[in-house]
Amino acid sequence: MSRWRPPRPKSSPYITQEGYQALEIELKELWTRRKDVTLAVTAAAAEGDRSENAEYIYRKKELRGIDRRIHYLQKRLPALNIVSQPPDDQDRIFFSAWVTLENEAGEEVTYRIVGADELNPKKHYISLDSPLARALLKKTFDDEVAIQNELKETRYTVVDINYGKPSE
């Protein structure tokens, strides 16, 4: 019997032009990768008994993962709204803004608010659906934002807002 999981909440349908292009490239690469994996599955299946064939089982599992991602991208890409223009009021925080925040200890951190499909902590990209991004929306310079989690409350002050490249 399978385990029932509630459906995931829908994420925001917004994406930057760069993020959309990255997803299109990923989809093309997945189709190429799928061809290679399909050939490997065929070769593994030709080896005989499939129930004890580790290569066959592994490649089938890999193929399912690729198919799942292709299906997701094919449904998601047409539903996305590409945001390519910065907002008229660039003194406020909106989608695709680079925001520099200062915490209570005086440390500065810069984040970019992007769509859920572009989330990348290494690049300091945060999702529009994240608690921090939701708290930051429509704020301006020197506004204070408080983020509450189970353990503590963290306060940030908006130091800089930029819609181009981040200020170093």
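Looking across segment 16-75, the residues that are small (Gly, Ala, Ser) and either in the same structural domain as TRP98 (by the TED database) or under 30 Å from LYS123 (Cβ atoms) (or both) come down to GLY19, ALA22, GLY65.
As a summary of the residue check, GLU108 satisfies the conditions (1) farther than 30 Å from LEU73 by Cα; (2) free of Cβ contacts under 8 Å to residues at least 40 places away in the same chain except for the one numbered (2).
Scanning segment 74-109 for residues that are of a type in the set (Asp, Glu) and surrounded by 12 or more Cβ atoms within 10 Å (Cβ to Cβ) returns GLU102, GLU108. Only one of ARG3, ARG8, ARG69 is open to solvent by 100 Å² or more (accessible area, probe 1.4 Å), within 20 Å of the chain's Cα centre (by Cα) and not aromatic (Phe, Trp, Tyr). Can you tell me which? Result: ARG8 is the single residue among ARG3, ARG8, ARG69 that is open to solvent by 100 Å² or more (accessible area, probe 1.4 Å), within 20 Å of the chain's Cα centre (by Cα) and not aromatic (Phe, Trp, Tyr).
Would you say ASP88 is part of a helix (DSSP H, G or I) and either in the same structural domain as PHE141 (by the TED database) or over 15 Å from LEU128 (Cβ atoms) (or both)? It is false that ASP88 is part of a helix (DSSP H, G or I) and either in the same structural domain as PHE141 (by the TED database) or over 15 Å from LEU128 (Cβ atoms) (or both). Here ILE113 clears all of (1) surrounded by 15 or more Cβ atoms within 10 Å (Cβ to Cβ); (2) touching a residue at least 40 places away in the same chain (Cβ under 8 Å); (3) not in a helix (DSSP H, G or I) except the condition numbered (2). The residues of segment 138-168 that are closer than 22 Å to GLN85 by Cβ, modelled with pLDDT of 90 or more and exposed (fewer than 14 other Cβ atoms within 10 Å of the Cβ), listed by number, are LYS138, THR140, PHE141. Of all residues in segment 40-64, those that are within 24 Å of LEU30 (Cβ to Cβ) and surrounded by 12 or more Cβ atoms within 10 Å (Cβ to Cβ) have Cβ atoms under 9 Å from Cβ atoms of residues that are modelled with pLDDT under 90 and of a type in the set (Lys, Arg), 6 or more apart or on another chain, in ALA44/ARG50; TYR56/ARG50; ILE57/ARG50; LYS60/ARG50. Note on segment 116-125: residues that are aliphatic (A, V, I, L, M) and either in contact (Cβ under 8 Å) with a residue 40 or more places away in the chain or outside the structural domain of ASP143 (by the TED database) (or both) total 1.
The values are calculated or read from the model by the stated rules, or taken from the named source; none is laboratory data. These numbers were taken from a predicted model, which means no experiment stands behind them. No Cβ is skipped: glycine too gets one built from the backbone with ideal geometry, and neighbour counts run over all protein chains shown. All accessible areas refer to the heavy atoms of the entire protein, side chains included, with ligands and DNA or RNA removed. Shrake-Rupley method; radii C 1.70, N 1.55, O 1.52, S 1.80 Å.
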